[in-house]
Structures are given as structure tokens and as C-alpha cells.
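Worksheet: the structure to be examined is printed underneath.
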Amino acid sequence: MAKRLTLLLVLCLALPATAFAATVKVRVEGKTRTLFGPTEVTVTAATPLDALEQASLAGELYYHVTTASFGRYVDQVGRYGGDASSGWVFKVDDASPPVGADKVQLSDGDRVLWYYATFGPTGGPPTLRVQPAAKKGCYTATAYDDNGKAATLARVTWHVGSKRSSDALGGASFCPGKHRGLLVRATATGAVRSNAVK
Ligand code: B12
């Protein structure tokens, strides 16, 4: 009887780590380049920290976790660690959760973004998201602040494959014409580069 109870207890303790795992997308944007999943890779993960672990496994990506006063803290991904007000932060569905990366329960369909950023008095840099526009063959770029509030940037630079394609007014949709499967991305001064879309 005691043995059965112990087994039950062990099972209960082990369960939460896997029971709440969700199917999510993950991307990692470094200081100077994308480190993992420009098109956002689908992984199974319970928390944003877990999603980073899955990205690390799939992409042989180095990261390091330390324990700080608030709990578990990612102090390095790839080559760069944090320094003063710069370092690694994450968003879930374009908004920055106000707690550590092991404290957020992910749900199916969530998009996790880890990125290197420098924070100032008004918060971190906006992150860019590219989506297909209503008009076929066209794309839009939206900037999101730390609260996940969408904003239109004054200017956006569009990239098709490795080529810088054009500068455009933020908010205007971009219609590159035939681009033979090359990926479309957006960048903007002071913003974290966007995901890539076919
Ligand atoms: C500077 C700072 C940052 C910098 C750290 C740069 C660096 N040097 O490495 C950056 C911008 C990278 C950052 C990131 C994040 N931060 Co911060 N950060 C702060 C701030 C303003 C000061 C911390 C500090 O320097 N303390 C002084 C030193 C001497 O003490 P320390 O314990 O050694 O400080 C270290 C830890 O605090 C650690 N750290 C920083 N943020 C966080 C967040 C968590 C959850 C943990 C465990 C550790 C940690 O970095 C510090 C330097 O090494 C505090 C607010 C405050 N006034 O305390 C918020 C604060 C600690 N951060 C917070 C949060 C939520 C985050 C993020 C989770 C945000 C996100 N969604 O990504 C991320 C961490 C993600 C990750 N990497 O795991 C919250 C924590 C709330 C909580 N109860 O969990 C705070 C309290 C701000 C707030 N009021 O919301 N942060």
C-alpha cells in the first residue's frame, strides 16, 4: 500500500511538466542575426523556457539559465549575454509577460519569440510581425510594443530572400510580385526584425 502511494505521488509530481505541453511556434532573434526559426518552428513546449530548450535541441543553439532573485533567468543565448539594461527577453503572442520564462503556461497555437534587446525608460524595442495581407501575394508588417499593442512604424524596409527590396511607408502593404519561394521579411530602425513568410 505504501509503495502504491509513493508511486502515485511520484506520478503526480512528474505529470505537470508534460501534461500541459502545448503545440507552439518558436523563433530566436539574436543581437545581429536570426539564431533559430525565421519562419517559426513548431515545437511541443509547456513554457517559453521549454520552447527555448526545444529550439536549442533542434538547432544546437547554446543557452544558459541562472537562478536570480526572481527565479530562473536566461542570461545567455548564442554568443551574447546580458549587460546593464540589455539582454534576453521573450514574448508570447507579441506581448511581454511580466514574469519569468518558466512561469508562463503556453497554449496551443501560441507564438514564442526570444530576442536580444536593450531596454530604455519607455521599455524595449517594438517587435515586427509580417503576415500575408488580404490581397493575394501581398504582405503587411505590424510593430508590437511590450504590451502587445500594435503600432504603425513610419518606415519599413522589406527584404525578399537575401536582397533588400524596398523601403515603404509603415502600414502600407508590400506586393513583391513573383518571388519563387523566397522568404519575405521586414526590418525597421530600432525594431526587432520580423518573422519570415513565404
Ligand atoms: C535590468 C532588468 C532586466 C534586464 C537584465 C539585463 C542584465 N543585466 O542581464 C533585461 C532587459 C534583459 C531583463 C529581462 C527580463 N526581465 Co527584467 N528587470 C530588470 C530590472 C529593471 C533591474 C534588475 C537589476 O539589474 N537588479 C539589480 C541587480 C544587482 O540584482 P540581480 O538580482 O543580480 O539582478 C539580475 C536579475 O534581476 C536578472 N533579471 C532581470 N530580469 C529578470 C526577470 C526574471 C524573471 C528573473 C528570474 C531574473 C531577472 O538580471 C539582473 C542582472 O543580472 C528589474 C526591475 C528592478 N528594479 O528590479 C526587472 C525585472 C526583474 N524583470 C522582470 C521581467 C519580467 C523580465 C523578463 C521575464 C521580461 C520578459 N518577458 O522577457 C526578462 C527575463 C527573461 C529571461 N532572460 O529569462 C520583472 C520580474 C518580475 C517577476 N516577479 O518575475 C522585473 C522585476 C521588472 C518588473 N517590475 O516587471 N530585465
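Readers should treat all values here as calculations from the given coordinates under stated rules, not as data from a laboratory. In this text the structure is predicted, and so the values were computed from the model without any measurement. Note: ideal-geometry Cβ built from the backbone for every residue, glycine included; neighbour counts use all protein chains shown.
Whose amide H sits under 5 Å from the amide H of Gly78, counting only residues 5 or more places off or on another chain, with H placed in the peptide plane?
Residues meeting the amide H criterion: Tyr62, Tyr63.
Determine, for His64, His159, His179, the number of other Cβ atoms within 10 Å of each Cβ, and report the residues in order from fewest to most.
The most exposed by this proxy come first: His64, His179, His159.
Rounded to the nearest 500, what is the 222 nm mean residue ellipticity of the chain from helices alone, with -39500 (n - 2.57) per DSSP H run of 4+ residues and division by all residues?
Theoretical 222 nm ellipticity from helices: -5000 deg cm²/dmol.
How high is the FRET efficiency between Lys178 and Thr152 when r is their beta carbon distance and R₀ equals 41 Å, given to the nearest 0.05?
E between Lys178 and Thr152, to the nearest 0.05, is 0.90.
Go through Lys31/Lys91; Lys25/Lys149; Lys91/Lys136; Lys31/Lys198; Lys31/Lys136 and tell me which ones have a Cα-Cα distance over 27 Å in this structure.
Those over the limit are Lys91/Lys136; Lys31/Lys136.
Pairs of alpha-carbon atoms within less than 8 angstrom and 6+ residues apart define the contacts here; what relative contact order does the chain have, in percent?
The value is 18 percent.
Cα axis of helix 2-19 to longest principal axis of the chain: angle in degrees, 0 to 90, nearest 10?
10
For segment 45-80, which chymotrypsin sites (Phe, Trp or Tyr not before Pro) pass both filters: DSSP loop (anything but H, G, I, E, B) and at most 16 other C-beta atoms within 10 Å?
Counting only loop positions with at most 16 other Cβ atoms within 10 Å, the chymotrypsin sites (Phe, Trp or Tyr not before Pro) in segment 45-80 are Tyr62, Phe70.
Spelling out what I want: for every residue of segment 100-114, take phi, set θ = phi - 60°, compute 6.51 cos²θ - 1.76 cosθ + 1.60 (Karplus), and round to whole Hz; glycine and proline get x.
x, 5, 9, 10, 9, 7, 7, 10, 3, x, 5, 10, 9, 10, 9
Taking neighbour counts of Cβ atoms within 10 Å as a proxy for exposure, in what order, fewest first, do Lys31, Lys149 appear?
Taking fewest neighbouring Cβ atoms as first place, the list is Lys149, Lys31.
Could you work out how far helix 48-59 tilts from the main Cα principal axis of the chain, as a 0 to 90 degree angle to the nearest 10?
In the chain, helix 48-59 runs at an angle near 70 degrees to the longest axis.
Which order do Thr32, Thr118, Thr67 fall in if you start with the one that has the fewest other Cβ atoms within 10 Å?
The fewest-first ordering by Cβ neighbours comes to Thr67, Thr32, Thr118.
Looking at His159, Ala188, Val104, which one has the Cα that reaches farthest to the positive end of the dipole of segment 50-198 (charges on Cβ: Lys, Arg +1; Asp, Glu -1)?
His159
Check Thr47: other-chain or 5+ apart residues with amide H under 5 Å from its amide H, H built from backbone geometry?
Excluding prolines and chain starts, which carry no amide H, the hits are Leu106.
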